[in-house]
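**Q** Below is one structure. I have some questions about it.
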Amino acid sequence: QVQLVESGGGLVQPGGSLSLSCAASGSIFSINVMRWYRQAPGKQREWVATITNTGRTNYVASVKGRFTISRDNAKNTIYLQMNDLKPEDTAVYSCNLESRGSIYWGRGTQVTVSS
């Protein structure tokens, strides 16, 4: 089994920054893909960013140039640095890990962008 725990959410003003972390533990295979998703109130869950174990990244268009996904393989942790935050970035942010045909999810962390 794999457990994922997100942290780093909070309240920030528009234009501000936050950094999220997602720590994985358990039986983790070295070849995996990890992703950030978000779900705003009343909306469907939206994919935000992906990072492979080799460091390849991809982003949804709405966050390109503002968000950066990274990972520390030694710590089995991924990060999401979010800059120039906008009210529309308000959501619960969750991470997932895909490996050997299985997908695991964390419970999420709330990010609120408001003045």
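Only the coordinates and a few stated rules stand behind these numbers; no lab work does. This structure is a prediction, so every number in the text was calculated from the model and none was measured. A quick note on method: Cβ atoms are made from the backbone with ideal geometry, for glycine too, and the neighbour counts reach across all protein chains shown.
**Q** Quick one: 3J(HN,Hα) in Hz for the range 87-100, Karplus 6.51/-1.76/1.60 with θ = phi - 60°, rounded, Gly and Pro as x.
**A** These are the phi-based 3J(HN,Hα) values: x, 6, 7, 4, 4, 8, 9, 10, 10, 9, 10, 10, 7, 6 Hz.
**Q** Which loop-located trypsin sites (Lys or Arg not before Pro) does the range 12-115 contain, where loop means any DSSP state but H, G, I, E or B and the Cβ has at most 11 other Cβ atoms within 10 Å?
**A** Sites meeting the loop and neighbour criteria: Lys43, Arg56, Lys64, Arg100, Arg107.
**Q** Still on this model: May I ask you to evaluate 6.51 cos²θ - 1.76 cosθ + 1.60, the Karplus curve with θ = phi - 60°, for each residue of the range 107-115 and list the ³J(HN,Hα) values in order in whole Hz, giving x for glycine and proline?
**A** 8, x, 9, 7, 10, 10, 10, 7, 8
**Q** Which residues' amide hydrogens lie under 5 Å from the amide hydrogen of Gly16, considering only partners 5 or more residues apart or on another chain, with H built in the peptide plane?
**A** Amide H neighbours of Gly16: Leu85.
**Q** Remind me, relative contact order of the range 37-115 in percent, using alpha carbon pairs under 8 angstrom and six or more residues apart?
**A** Answer for the range 37-115 is 24 percent.
**Q** Determine ³J(HN,Hα), in whole Hz, for all residues of the range 45-51 in sequence, where each value follows from phi through the Karplus function 6.51 cos²θ - 1.76 cosθ + 1.60 and θ = phi - 60°; x replaces Gly and Pro.
**A** Ordered by residue, 3J(HN,Hα) equals 5, 10, 5, 10, 7, 10, 9 Hz.
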